[in-house]
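Here is the structure we will look at.
Only the coordinates and a few stated rules stand behind these numbers; no lab work does. Computed from a prediction, not measured in an experiment: that's the story for all the values here. Backbone-built Cβ (ideal geometry, glycine too); neighbour counts: all protein chains shown.
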Amino acid sequence: MIKLKDITKDYVMWENVINVLKWISLEINKWDFVSIMWASWWGKSTLMNIIWMLDTASSWEYEFWDIMITWKTEDELSSVRWKNIWFIFQSYNLIPRISVIEQVMLPLVYARIPDNERKERARKALKKVWLADKENHNPNELSWGQQQRVSIARALAVNPAIILADEPTWALDTKTSKEVMELLVELNNEWKTIVLITHEAEIDAYAKKHVFVKDWLIVK
């Protein structure tokens, strides 16, 4: 499904070259649940943004569903990204003054999905994450765990093949973290491919495949 080969990423700051990723090669198969554990904070979001096709590497080969991503234009990447991949952020990325159902429908507005279908898909997704009774609430009326479930519902409404999750249990208590992770496991069991970034062994344990990155290299 995803093949990354020899991914490197460098940033130039003043006269210094900073290595963020070094020769990362990784294969993700259809219906995998992959956890990528990072020994430090450097590089994890960069790798996720490369997988999500929002960033490019200094040198790379990226194949997605037999499509060579490396040489695609931004418009072509946008089309592939929208149809196939969605991102769950650690900070939820909810808009403060719009309701829960509007949050979930927003990506569908940009995709020009008809209004009736948007509402139907949003309500179905909210029911899936146990928030059907919260559709008219604003984010500040929800707990952090509920806000994260709204962001997952937003992904479900889009219905991507792959869900990328960057520290999805960040700042959540143990009970709420378990609820969020059990939801991701359920989605994986329903044929969604999950790629998870974490630094917590308890969260990593939910995955089926495990990758460990240290000093910008995959070491295990």
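Computed quantities for the displayed model
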quantity: Sum of -39500 (n - 2.57) over DSSP H runs of 4+, divided by residues of the chain (222 nm, nearest 500); calculated: -11000 deg cm²/dmol
quantity: Computed lengthening from residue 91 to residue 209, 0.36 nm per intervening residue step minus Cα-Cα distance; calculated: 40.0 nm
quantity: Simple Cβ-charge dipole of the chain, Lys/Arg +1 and Asp/Glu -1, about Cα centre, in debye nearest 20; calculated: 500 debye
quantity: Shape category assigned to segment 73-172 from the gyration tensor of Cα positions, a/c cut at 1.5; calculated: oblate
quantity: For segment 97-220, size of Cβ-based charge dipole, Lys and Arg +1, Asp and Glu -1, in debye; calculated: 380 debye
quantity: Mean Cβ neighbour count within 10 Å, used as a protection proxy, ranking 8-15, 152-159, 177-184 highest first; calculated: 152-159, 177-184, 8-15
quantity: Residue pairs, from the table 72/214; 22/72; 9/208, whose Cα atoms sit over 24 Å apart; calculated: 72/214; 9/208
quantity: Residue-wise HN-Hα coupling along segment 53-68, computed from phi with Karplus coefficients 6.51, -1.76, 1.60 (Hz; x: Gly, Pro); calculated: 6, 9, 9, 10, 9, 6, 8, 5, 9, 10, 10, 10, 6, 6, 9, 7
quantity: Cross-link reach list, aspartates and glutamates versus residue 127, counting only Cα pairs under 19 Å and skipping chain neighbours closer than eight places; calculated: 102, 115, 117, 135, 141, 179, 182, 186, 190
quantity: Whole-Hz couplings from phi, Karplus 6.51/-1.76/1.60, listed for segment 158-168; x for Gly and Pro; calculated: 5, 6, x, 6, 10, 10, 9, 10, 9, 6, x
